[in-house]
Amino acid sequence: MDIINFLNLEFCNALLRFAICFAVNWIIVDKLYYSKSNRRDFYFTFMLISVAIYFLVCIMMNMDRGKATMGVGLGLFGIFSIMRYRTDSMPVREMTYLFVIVCLSVVHAMIDIEDVSVNTAADIVRLAIVDSIFVLAIVLCERKLKIQSTKLIQYDRPEMVKPGKRQELIADLEQRTGLKIRDVEVGGIDFLKDSVVLRITYDGPVNNDTDKQFTVRKSQWREIA
């Protein structure tokens with residue numbers, strides 16, 4: 001196949017599938033994820049990873065079938081290893097969205113592996129079905145399962161964390177914070193300083209990732225209310 005035919009068929013087909021992939025991922029990230037989380041950093045990460053994974057797999061698929069399969073597997077393993085060991089921990093919801101974005105990018109990149117002049121229309125139909133299933137599943141989960149907002153609090157009355165004083169504890173926290181508290185979990189207790197770390201579940205937006213954990217690094221204490 002000469003260069004003109006390559007640009008007219010394979011390259012254009014790849015760009016078409018990329019446009020569909022980018023549009024679907026944008027709908028998932030912008031309309032389903034960002035509308036609730038308002039996390040610009042993860043918005044940026046999801047969209048650019050979608051682009052990178054798609055073209056990475058496309059290039060690898062131009063290799064021989066055996067080399068391509070091994071290359072894609074090793075490449076994705078390397079990407080997730082770097083993200084796991086070289087970055088801060090990612091919340092479960094964000095990690096799930098990331099996995100969905102990566103899966104869709106790989107599916108769009110690998111679905112067309114035969115004669116593009118014959119199977120293009122069939123590939124588009126299959127992609128539309130797969131994309132619809134993904135979007136529908138996310139919509140159903142987002143509507144059924146609401147995000148619980150949590151916050152870490154340094155509390156100065158450790159005697160209030162006794163099981164028999166739970167209602168008094170919640171009432172005191174609601175009076176101090178002005179939040180409608182749904183649940184309270186007890187973390188580390190420091191009797192020398194008369195303090196305890198509590199994680200409250202309340203009605204309201206999530207402020208930061210530190211509020212979702214009990215193990216807090218020294219540099220994170222300034223983020224705790």
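Throughout, read-outs are computed from the coordinates displayed, never taken from laboratory work. Quick caveat: nothing in here was measured; it's all calculated off a predicted structure. Virtual Cβ from ideal backbone geometry, glycine too; neighbours counted across all protein chains shown.
Odds and ends about this structure:
- Measuring how big segment 130-209 is from its alpha-carbon positions, Rg and Dmax come out at 17.0, 57 Å.
- Per-pair calculated FRET efficiency, R0 = 22 Å: Gln148 and Arg176 via Cβ, rounded to 0.05: 0.60
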